[in-house]
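Just below is one structure, and these are the notes that go with it.
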Amino acid sequence: MAKKNIATFTGPQKGISIIGEHYYALSGIVNISNTETTMLEFQTGKYYCVGEWRGDYYENASDDVRFLCYFNNQLVSSMTTTSNKPPIDYAPIIIPPLTLVILTGQNITDTSALDMMVAITGRVYDQ
């Protein structure tokens, strides 16, 4: 049985929200350049999460962008968009209990600033 917290959507933020047995974290628009920029950052509780994540363009651009996913400051997953073509699918993810999750973005083509987004969604399970 998952946690039964009630969350009301108040807008994008860097943290995780839990509704019943589901979770989400939505960055909203984050302006990134050639410096790796934190887009989401949150700590899980005494539960684990099964779901998927994805990075995406908000604006049309021809630059390539790398998205990185860290657990407890260790790189565990990455994806790259190529010339405004986001990954076809979300990447599956399992987040262990009591884990610091950080998702970042970086323009790997040049120094121009781009409006990007990341999202992570899924189901919460008791430990």
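Counting every other Cβ atom within 10 Å of each residue's Cβ, Met79, Met39 order from fewest to most as Met79, Met39. In a simple Cβ point-charge model (Lys, Arg +1; Asp, Glu -1; nothing else charged), the chain has a dipole of about 520 debye relative to its Cα centre.
Loop-resident chymotrypsin sites (Phe, Trp or Tyr not before Pro) (DSSP state other than H, G, I, E or B) in region 26-127 with no more than 14 further Cβ atoms inside 10 Å of their Cβ: Tyr58.
Values in this text are rule-based calculations from the coordinates and carry no lab data. The shown structure was predicted, so the numbers you read here are calculated from the model rather than taken from an experiment. Backbone-built Cβ (ideal geometry, glycine too); neighbour counts: all protein chains shown.
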